[in-house]
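A short worksheet on the structure shown next.
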Amino acid sequence: MHTFTPTKIPAVMQKFSLLLLLALIVLACGGGEDAAGEAPMAKKSTKEPAAKEINVKKIWKVRCIACHGLYGDMGTNGAANLQESTRDLDYRINIIANGSENGVMTAFGDILTEEEIKAMAEYTMTFKKE
Ligand code: HEC
């Protein structure tokens, strides 16, 4: 009689609070997994293809058009006429990365990535008139 009451009430309360705690943990974990599991996946699928794509026309308009013109034949500051150029890809990659020897053409090695420089060199080949 003396020890019956104090032990029974906490036992019932323990069971009840344990159930509540379990329910809360399940809810909290479920919600947490959803939020953490879905957000990065969604970001990945939209970001990765966009990052790899190089917009050569946009880079041309921002970085090169002032001297070479929209069609590569403007020749501002003595810029080479890209419609008539017979230079190979390696020469073009080098001049885009390091600039021209006379210093007129800017070096883009610190501005564009290696992939962008190669893509731009390939793009300058497309100006050539057949
Ligand atoms: C400040 C003016 C200027 C800008 C900006 C410029 N260029 Fe040039 N570019 C020149 C000049 C000048 C030459 C000729 C250099 C020489 O042969 O001495 C040249 C030469 C070239 C050549 C070699 C063609 C050949 O036949 O000799 C390529 C390729 C080229 N530029 C690509 C680009 C690209 C791509 C960009 C933009 C990322 C660019 N240029 C931006 C001035 C410029």
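Below are the figures for this structure:
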| quantity | calculated |
| --- | --- |
| Chain lengthening between residue 53 and residue 128 when straightened (0.36 nm per residue, less Cα-Cα) | 24.6 nm |
| Extension gain from residue 74 to residue 89, taking 0.36 nm per residue of separation minus the Cα-Cα distance | 3.3 nm |
| Per residue convex hull volume, Cα atoms of region 56-125, in Å³ | 76 Å³ |
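We did not get these values from a lab; they are worked out from the coordinates using the rules stated. No experiment lies behind these values; they were computed from the predicted model shown.
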